[in-house]
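To start, the structure under review is shown below, and the notes come after it.
Readers should treat all values here as calculations from the given coordinates under stated rules, not as data from a laboratory. Source: prediction; values computed, not measured. When we count neighbours, we look across all protein chains shown, and the Cβ atoms used for this are built from the backbone with ideal geometry, even at glycine.
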Amino acid sequence: MQPLGFPLFIRITHLANLLFLTLLVRSGIEILAAFPKLHWDVGCQPGRQWLDFSSKAMPEDRLWTSEEEMEHWSSWIALPGRKNLGVGRHWHFWSVTGWLATGLAYVVGLFATGQWLRLVPTSWAIFPQAWAAFVTYLDLQLPPEPAVLPFNALQQLTYFGVIFVLAPLQILTGLAQSPAIAARFPWYAKLFHGHQGARSLHFLGMVAFVLFVGVHVATVVVHQFGYEATKIVLGNEQGSHSLADAIALGGLGAVFSFHVVATVWSYRHPDRVRRLLQLGVQSLRSLLLHRLESRQDVAHPPTFLRVNGQPPRNPEYAQLAATGFSGWRLRVHGLVAQPLDLSLDELHRLPYSSQRTVHVCIQGWTGVAQWGGVAVRELLERCRPLAGARYLVLRTLDEKWEQPGHGNYYTVIDLKMARKPQTLLAYEMNGQPLPIAHGAPLRLRLESQLGYRHAKYVHDIELVGSFSKAGQGHGSWRSDVLHYEDGEAGI
Ligand SMILES: Nc1nc2c(c(=O)[nH]1)N[C@H]1C(S)=C(S)[C@@H](COP(=O)(O)O)O[C@H]1N2
Ligand SMILES: [Mo]
């Protein structure tokens, strides 16, 4: 057999892989900073985390929100760093798309060129050989250069494990954290012990990747940097060492510069970054996920549920709350044949639905609750949307006093999402009237979507043809202000 060198496709995919992996790690750390704790259980009960990256204690004498648990991490480890979950997620999803394309090109290339032989062990002898190499390393010696492969049995086994076991596991645990997938295929999330199990395993996989890259680079260096680098960069051993070193350093420099530009640009123009990074990625996501309908009927009993978004403090809301919401009304108007104006009692007389579901906050925590109320489709049947109606803008009594100047909290859903059976306006939680902290008197439940779309304190629903005039036009308050995914829910 011919010695297997380092063909061009392997060299190019290595460089692309290095870029995407480092972007994934940094943006992943940014996402972790938004809820810097790891749990195994769906309830994320404070104190029950198995790993904690935060020393902050939450106050016991007042209502705190999950946003206060976020950590501010440096750009040296997080992309972009300093509490930028929204932009960090755009980088993560953009990079994972590039990383998957690179991985696909690599694996197709391996099998198309016969190079798969370099990775896929074809004899059981690999195990004793790998052990022998391991023992040699422990003696601080280098194993002998193998004849056919440019690396030894231990390296081969590790590479095989990384590409065919670790990488697929990262993909599968990543998918299990999508609320749309977990809501439609609850059995799938259960394979990983639910969202929190998947999140914990995804973190451990990231640590394994970082260790692998570190050890991989170190072994290449100790196996005589000049010799290996010449092979890797120029594809043969005859080329000039200094040229090879220059190209290798140039590649590393390009990856480093990309990170610097990405970080600075994320701070300066987060909206442009979102627009650019969502190109293609958003349509792919919508194509894969938008059709998925929540079918949750969770057996797990209700758990602790964090609060996110403080209750409103405006006098109008205070007065309604003081009278048990007796003067409160829900208006449904806009492009409808029959506008509605309902009191809480009238809502209670409409057909009742109830569902027990997992709430998934974009920050990473989850919890289980039983929600009761009126399905949005019941309201649609009564108001009869006109032909031009495409979206529902759900407005709230929440002026967001914590971050003034951005208008009231709101969210946009399209008619298709609105008609899904588990799209619910809830006035009950766990069999009790909805508490103020969780959105009294009425809040949206959108079981295939992230928590920030589930507007609390809803009092006004407008049917529109376009939502460009709602808020700043990005489809939700947190998309406007925190650069979360834009468009209507589910896009
Ligand atoms: N009015 C309003 N609704 C809101 C928010 C908010 O800040 N204001 N936060 C959202 C976010 S990010 C989450 S995770 C959920 C949390 O719901 P809970 O507080 O009932 O647990 O509410 C969503 N609805
Ligand atoms: Mo959230």
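On the beta carbon distance between W40 and L386, with R0 = 41 Å, the FRET formula returns roughly 0.25. Relative to the longest principal axis of the Cα atoms of the chain, helix 225-234 runs at roughly 70 degrees. Residues whose amide H falls under 5 Å from that of L79, counting only those 5 or more places apart or on a different chain, are S27, I29, E30, with hydrogens built in the peptide plane.
Would you please give the FRET efficiency between L243 and W50, computed as 1/(1 + (r/R0)^6) with r the Cβ-Cβ distance and R0 = 56 Å, to the nearest 0.05? With a Förster radius of 56 Å, E is 0.70. Sorted ascending by nearby beta carbons within 10 Å, beginning with the fewest, V376, V358 become V358, V376. 3J(HN,Hα) couplings calculated from phi for the range 128-133 with the Karplus curve 6.51 cos²θ - 1.76 cosθ + 1.60 (θ = phi - 60°) are, in sequence order, x, 5, 4, 4, 4, 5 Hz; Gly and Pro show x.
In this structure the amide hydrogen of L335, modeled in the peptide plane, comes within under 5 Å of the amide hydrogens of L463, V464, none closer than 5 places in sequence on its chain.
Here the label points at S74 and L117, each 7 Å from Cα along the C-beta direction, are separated by 4.8 nm in the simple model. Phi angles across the range 484-491 convert, under the Karplus curve 6.51 cos²θ - 1.76 cosθ + 1.60 with θ = phi - 60°, into 3J(HN,Hα) values of 5, 3, 9, x, 5, 4, x, 7 Hz, Gly and Pro given as x.
Multiplying the residue separation of L288 and H300 by 0.36 nm and removing their Cα-Cα distance gives an extension gain of 1.6 nm.
Taking other C-beta atoms within 10 Å as the exposure proxy, F151, F127, F209 rank F127, F209, F151 from fewest upward. You can think of it this way: the chain between V221 and S343 has 36.7 nm of extra reach, that is 0.36 nm per residue less the Cα-Cα gap. With 0.36 nm allotted per residue and the present C-alpha distance subtracted, the R329-R62 stretch has 93.2 nm of extension available. Ordering V165, V213 by the number of other Cβ atoms within 10 Å of each residue's own Cβ, fewest first, gives V165, V213.
Among 455-465, 269-279, sorting by the average number of other beta carbon atoms lying within 10 angstrom of each residue, highest first, gives 455-465, 269-279. Each residue of the range 8-19 was assigned a 3J(HN,Hα) from its phi angle through the Karplus expression (A = 6.51, B = -1.76, C = 1.60, θ = phi - 60°), giving 3, 5, 6, 5, 5, 5, 4, 5, 4, 4, 4, 4 Hz with x at Gly and Pro. The E316 and S257 beta-carbon pair, evaluated with R₀ = 45 Å, returns a calculated FRET efficiency of approximately 0.30. The charge dipole of the chain, taken about its Cα centre with unit charges on the Cβ of Lys, Arg, Asp and Glu (plus for the first two, minus for the last two), comes to roughly 900 debye.
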